[in-house]
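To start, the structure itself, in structure tokens.
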Amino acid sequence: MIFREQAPSPEFAAAIDRFWYFEPEPSDPESYEHIIVPEGTAGLCLIEPIPQIGAFISLTGPASTAVRVPVQRGLRYWGVRLCTGAVRAVLGLEAEALVNRMAFLTEAVPALGAEMMTTCRDASSLAEFAARFEAVVRSHVQPDRLDPAVAEMVGRMHAGDGFTPLADIMAGFDVGERQLRRRFLKETGLTPKVYARLRRVRRAVVDLAYERPKQVAAVSYDHGYADQPHFTRELKAVFDLSPHQLSSYLHQIRLFNVQEVEDVRNLQAGRNAAE
């Protein structure tokens, strides 16, 4: 399996987190169930070439647990991961209505879905797909529908190391904590607590699966879990897998230009320098 990412152009940095490409390799099974590490945000996926219909585009809403999807060798998967809190600004939909849901984009947002189907198919590279999508979505994005307080809060969570208390992350805003929590839920579909939990789990899983061989206990410690059993229970709750089962599956995916791998490396380097 190959997974590749690319950052959006600066014009879309507040709305699009990453473009991505996924493709099973010739050595992979003909069809199997793929495990998606939860991202806490919504995303689009164009799948091609599909016999009879050519392609379709799925819309996946924010989820608090891992999503399992069928994949097939010979198909290509082109994706757009929206920034957390950008569902209304990009899709014109309410994030809360999309939680734990999947839909066809052509049904959920017909105009955008039709334009993507016309413009974004048969790209020769991820860069070409990204450029085509940006050309399509430019007329759909409504920057005034982004909540600056929510965007700032998300930025603080991403910039932190997972140890900063949520109360500290939510401090210093012009609105009260209760109102900030309501706005966060409205724009992301998840509570701040659930989203912070997903960020920590995702970072820990990247560390477990893609960094140098590392013991589960060390990953647990490095990412703020009380102990190894605590981390194991979290993985069971989110993925319904043990640490060994999850890392064994994810190790099969070859990653290219994935920002979170670099983030984990930088985080670990900072900790090592401080010790």
Counting residues in the chain as N, plug N into 2.2 N^0.38 Å and put the Cα Rg over that result. 1.00
Could I have the simple spin-label model distance between residue 167 and residue 255, label points 7 Å from Cα toward Cβ, reported in nm to one decimal? 3.4
HN-Hα J in Hz across the range 84-94 - Karplus 6.51, -1.76, 1.60, θ = phi - 60°, x for Gly and Pro: 4, x, 9, 4, 5, 5, 9, 9, x, 10, 8
FRET efficiency estimate (nearest 0.05) - Cβ-Cβ, residue 27 to residue 94, R0 51 angstrom: 0.75
Let me see the pair-distance distribution of the range 143-199: every alpha carbon pair, 10 Å bin width, integer percents in order. 23, 62, 15, 0
Per 0.36 nm of contour for each residue apart, how much would the distance between residue 217 and residue 178 grow if the chain were fully extended, relative to their Cα-Cα spacing? 10.5 nm
Amide N proximity, the range 141-168 versus residue 119 label position 7 Å along Cα-to-Cβ, cut-off under 16 Å: 141-143
In 5 Å bins starting at 0, how do the alpha-carbon pair distances of the range 2-143 split up by percent? 2, 10, 20, 25, 22, 14, 5, 1, 0
Quick one: length gained pulling residue 103 to residue 242 fully straight, 0.36 nm per residue minus the C-alpha distance? 47.1 nm
Label model pair residue 56, residue 268: point-to-point distance (7 angstrom along the Cα→beta-carbon line) in nm is 4.0
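Readers should treat all values here as calculations from the given coordinates under stated rules, not as data from a laboratory. The shown structure was predicted, so the numbers you read here are calculated from the model rather than taken from an experiment. Every residue, glycine among them, receives a Cβ derived from its backbone with ideal geometry; neighbour counts consider all protein chains shown.
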